Amino acid sequence: MRIVLQRVRHGAVDVEGQRIAEIGRGVVLLVGITTDDGMEAVEWLASKVAHLRIFEDDEGKMNRSLLDVGGEALVVSQFTLYGDARKGRRPSFTQAAPPEKAAPLIDAFAEALRREGVPVQTGRFGAHMLVLIENDGPVTLILER
């Protein structure tokens with residue numbers, strides 16, 4: 001499981017011209033599921049995201065977590081995170097989990113974040129999405145399990 005985490009002031013997802021999800025201060029999480037991922041990765045990464053200290057305290061140090069600042073999360077499935085472009089000119093996605101495996105794990109990840117106390121919005125699995133990210137900092141991390 002691979003996550004590109006971006007700290008944001010605002011994030012949103014549009015599908016077919018309609019806004020389906022929107023958050024304020026928090027994180028946009030682009031989430032890729034690989035063929036051997038399971039619930040252990042889901043639970044571990046949900047806890048990591050909720051408690052990761054990536055927000056500034058009063059002294060300007062990254063000392064506060066998503067929970068500390070009352071932030072939100074926008075979870076967006078992105079199988080292309082497992083694209084392999086080392087050979088040729090077209091990426092291979094053989095390491096990305098098939099939809100029947102990935103979709104339930106994306107849903108489980110969003111639910112695990114909610115159990116951690118994080119308000120969560122989601123994109124639409126399998127849809128062509130326009131993802132709006134107002135990266136704050138910029139702060140971007142890659143998390144993997």
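The values are calculated or read from the model by the stated rules, or taken from the named source; none is laboratory data. Keep in mind the model is a prediction, meaning the values are calculated, not measured. For neighbour counting, all protein chains shown are included, and Cβ atoms are generated from backbone atoms with ideal geometry for every residue, glycine included.
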Is there any pair with a first residue in the range 124-145 that is charged (D, E, K, R) and a second that is part of a strand (DSSP E or B) and exposed (fewer than 14 other Cβ atoms within 10 Å of the Cβ) whose Cβ atoms are under 6 Å apart and which are 6 or more apart or on different chains, and what are they?
-> Glu134/Arg9; Asp136/Arg9
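State which residue is surrounded by the most Cβ atoms within 10 Å (Cβ to Cβ) when the search covers only the range 58-83 and only residues that are within 26 Å of Ala110 (Cα to Cα) and among the acidic types (Asp, Glu).
First, the residues of the range 58-83 that are within 26 Å of Ala110 (Cα to Cα): 62-83.
Subset that is among the acidic types (Asp, Glu): 68, 72.
On the way: Asp68: 13, Glu72: 21.
Ranking the qualifying residues of the range 58-83, first place goes to Glu72.
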Residues that are under 19 Å from Gly26 (Cβ atoms), among the charged types (D, E, K, R) and part of a helix (DSSP H, G or I), drawn from the range 40-96 = Lys48
Which residues, counting only those in the range 114-145, are assigned to a loop (DSSP other than H, G, I, E, B) and either modelled with pLDDT of 95 or more or of a type in the set (Lys, Arg) (or both)?
-> Glu116, Gly117, Val118, Pro119, Gly123, Arg124, Phe125, Ala127, His128, Arg145
Residues satisfying the stated conditions in the range 115-133, i.e. exposed (fewer than 14 other Cβ atoms within 10 Å of the Cβ) and more than 22 Å from Glu16 (Cβ to Cβ) = Arg115, Gly117
Residue satisfying all of: in the range 4-39; of a type in the set (S, T, N, Q) and assigned to a strand (DSSP E or B); surrounded by the most Cβ atoms within 10 Å (Cβ to Cβ) among these = Gln6
Those residues of the range 41-81 which are more than 17 Å from Gln121 (Cα to Cα), charged (D, E, K, R) and touching a residue at least 24 places away in the same chain (Cβ under 8 Å), in sequence order | Glu43, Lys48
